[in-house]
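Below is one structure, written out as structure tokens; comments come after it.
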Amino acid sequence: MYIKTKEQAENIANMASKWIKTKVEEAGCKGTVVGLSGGIDSAVVAALSKKVFPNDTLGLVMPCHSEPQDAEDAYTLAKQLDINYKEVNLTSTFDEMYYQLTDQKIASDMALANIKPRLRMTVQYYYAQTFRYLVLGTSNKSELLIGYFTKYGDGAADLSPIANFTKMDIYRLAEYLNIPQCIIDRPPTAGIISGQTDQDELGFTYEDIEKYFMGEDLPVDIVNKIQKLEKASKHKKTLPPVFDLDNR
């Protein structure tokens with residue numbers, strides 16, 4: 001589904017919020033937890049939850065060798081939407097884990113960086129279990145297509161309210177939901193490596209992925225990159241294979 005008008009954004013936002021409420025109540029829970037990264041995806045998810053759980057949407061700000069602007073934008077969002085929030089600084093926790101990893105010198109930078117989203121998800125599930133909330137995922141359709149998330153990190157969640165919306169849809173939802181302009185305008189980033197942006201790391205834009213979904217013409221090298229990432233990330237988007245004695 002591709003959102004093109006304000007009316008579509010309003011209708012879809014209302015339906016997504018009601019879906020969150022229904023699923024939380026079906027699970028016997030009373031609210032949600034959202035990791036606030038300072039980015040547009042988590043901002044939209046938090047806003048959708050706030051519509052149906054005004055007092056039981058908990059935003060978690062979890063700095064971990066992060067850019068200061070990440071936390072500042074997260075606070076701006078929480079205050080503008082009047083969302084309950086907590087800060088859990090994971091910098092020293094990450095440093096201790098790094099120190100304890102005796103093979104850190106041979107580990108890839110990404111293997112070490114991916115510790116950050118996995119630590120953050122641990123914190124989210126701590127608060128979810130404490131308050132009887134569910135964890136809301138913040139991955140969108142564009143990221144899921146190419147596996148642009150950390151397995152068992154930001155890819156872990158109880159509910160995925162924006163997984164069927166492309167990145168361009170997210171921007172349109174953000175405008176309707178009155179997400180702070182500073183968040184809408186900032187370049188998308190995974191927030192785990194200093195100075196990194198999604199476009200620099202991927203080698204193409206979210207607009208390119210939108211065109212790919214729409215079947216529009218794209219340079220062959222970009223199509224190849226997207227398809228290569230889509231194929232390589234299949235294991236991240238399915239449950240672990242289970243050995244079956246009956247079908248060995």
**Asked** How many angstrom lie between the C-alpha centres of region 108-171 and region 231-248?
**Response** 20 Å
**Prompt:** Please state the equivalent ellipsoid semi-axes for the chain: what are the square roots of 5 times the Cα gyration tensor eigenvalues, largest first, in whole Å?
**Reply:** 26, 24, 20
**Asked** When the Debye formula is applied to the Cα atoms of region 138-248, each taken as the same point scatterer, what base-10 log of I(q)/I(0) results at q = 0.09, 0.10, 0.17, 0.21 Å⁻¹?
**Response** -0.29, -0.35, -0.93, -1.32
**Ellipsoid equivalent to region 9-61 - semi-axes via the Cα gyration tensor, in Å** = 17, 15, 8
**Fraction of accessible area attributable to carbon and sulfur, the chain (%, probe 1.4 Å)** = 52 percent
**Item:** region 58-207, relative contact order in percent, only Cα pairs under 8 angstrom and at least six apart counted
**Value:** 21 percent
**Prompt:** What does the charge count near Val33 come to, summing +1 for each Lys or Arg and -1 for each Asp or Glu among other residues with Cβ under 12 Å from its Cβ?
**Reply:** +2
**Fill in**
Classified through the alpha carbon gyration tensor (a ≥ b ≥ c as square roots of its eigenvalues; rounded if a/c is under 1.5, else prolate when a/b is larger than b/c, else oblate), region 1-92 comes out oblate
**Request:** Before rounding to the nearest 500, sum -39500 (n - 2.57) across all DSSP H runs of length at least 4 in the chain and divide by the residue total; then give [θ] at 222 nm in deg cm²/dmol.
**Result:** -15500 deg cm²/dmol
**Request:** Note down the net charge around Glu67, summing +1 for each Lys or Arg and -1 for each Asp or Glu among other residues with Cβ under 11 Å from its Cβ.
**Result:** -2
**Request:** Net charge near Asn114: determine it from the other residues with C-beta under 14 Å of the C-beta of Asn114, scoring Lys and Arg +1 and Asp and Glu -1.
**Result:** +2
**Request:** Measure of size requested: the Rg and Dmax of region 194-236, with Cα atoms as the atom set and Å as the unit; please supply both.
**Result:** 11.1, 34
**Asked** Accessible surface of Glu67 in the full protein assembly, 1.4 angstrom probe, to the nearest 10 Å²?
**Response** 80 Å²
**Complete:** In Å², rounded to a whole number, the accessible area per residue of the chain with probe 1.4 Å is 54 Å²
**Request:** Multiply the residue gap between Asp185 and Glu10 by 0.36 nm, knock off their C-alpha separation, and tell me the result in nm, one decimal place.
**Result:** 60.9 nm
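The values are calculated or read from the model by the stated rules, or taken from the named source; none is laboratory data. The shown structure was predicted, so the numbers you read here are calculated from the model rather than taken from an experiment. Note that each Cβ is placed from the backbone with ideal geometry, even for glycine, and that neighbours are counted across all protein chains shown. For the accessible areas, the whole protein counts, side chains as well, though only heavy atoms, and no ligand, DNA or RNA atoms are used. Shrake-Rupley method; radii C 1.70, N 1.55, O 1.52, S 1.80 Å.
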